[in-house]
Amino acid sequence: MPRVKRSTKRSDRRKKILKRASGYFLTKSKLYQAAQEAVERGLKFAYTGRKQKKRQFRSLWIVRISAACKLNGISYSQLINGLKKAEIELDRKILAEIASEDPAGFTKLAEQAKKAVADAKKAA
């Protein structure tokens with residue numbers, strides 16, 4: 001087998017890891033092995049963080065919608081149920097935006113949801 005020294009490939013790979021680790025504390029930004037471990041750990045947290053971000057925003061939207069529902073005398077679950085029965089397809093992101101930006105519009109949606117729930121109770 002011929003001898004391989006890996007000059008540029010190895011240095012390029014190491015340089016890339018050390019560049020990603022710049023700003024880390026002490027040896028984590030200076031020494032390759034410590035930097036590699038820190039970067040891999042950071043990438044793992046970044047991956048899970050992207051998933052958690054979606055959960056956290058959905059939770060935030062639900063809190064905002066729930067607060068607006070209480071002002072209109074209806075619970076969050078009744079609102080969602082009523083909107084489904086009234087065949088109004090708005091996701092929670094849009095509902096939260098309407099609740100904060102346009103309270104009058106949200107009140108109309110809440111009225112429609114209440115009416116749809118009442119109609120469903122009469123039919124049953």
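State the dimensionless ratio Rg/Rh of region 1-67 (Rg: radius of gyration of Cα atoms; Rh: Kirkwood radius). Answer for region 1-67: 1.32.
Taking θ as phi - 60° and the Karplus parameters 6.51, -1.76 and 1.60, the scalar couplings of region 104-115 work out to 5, x, 5, 4, 4, 5, 5, 4, 5, 5, 4, 5 Hz in sequence order, x denoting glycine and proline. To the nearest 0.05, how large is the calculated FRET efficiency for ASP91 and LEU43 if R₀ is 35 Å and r is the Cβ-Cβ distance? With a Förster radius of 35 Å, E is 0.70. For the peptides 72-85, 50-63, the ranking by mean Cβ contacts within 10 Å, running from highest to lowest, is 72-85, 50-63. When ARG10, ARG3 are arranged by Cβ crowding within 10 Å, least crowded first, meaning fewest neighbours, the order is ARG3, ARG10.
Kirkwood hydrodynamic radius computed over region 57-124 comes to 11.7 Å, based on all pairs of distinct alpha carbons. Taking other C-beta atoms within 10 Å as the exposure proxy, GLU87, GLU111 rank GLU87, GLU111 from fewest upward. Give the angle, between 0 and 90 degrees and rounded to the nearest 10, that separates the Cα long axis of helix 92-101 from the longest principal axis of the Cα atoms of the chain. The angle comes out at about 70 degrees. Among GLY42, ILE74, LEU31, which residue has its Cα positioned farthest towards the positive end of the charge dipole of the chain, with +1 placed on the Cβ of Lys and Arg, -1 on the Cβ of Asp and Glu, and the dipole taken about the Cα centre? The one lying farthest along the dipole's positive direction is LEU31. Here the label points at ARG10 and SER66, each 7 Å from Cα along the C-beta direction, are separated by 5.7 nm in the simple model. Under the criterion of Cα pairs below 8 Å and six or more residues apart, the relative contact order for region 16-123 equals 22 percent. In the chain, the longest principal axis of the Cα atoms and the axis of helix 7-20 are about 40 degrees apart. Normalised Debye scattering of the chain at q = 0.11, 0.12, 0.14 Å⁻¹ gives log10 I(q)/I(0) of -0.59, -0.62, -0.69, counting only Cα atoms as equal scatterers and leaving out solvent.
Taken together, the values in this text are just the output of simple stated rules run on the coordinates, not laboratory data. None of these values were measured; they are calculated from a predicted model. All Cβ positions, even for glycine, are placed from backbone atoms using ideal geometry, and neighbour counts span all protein chains on display.
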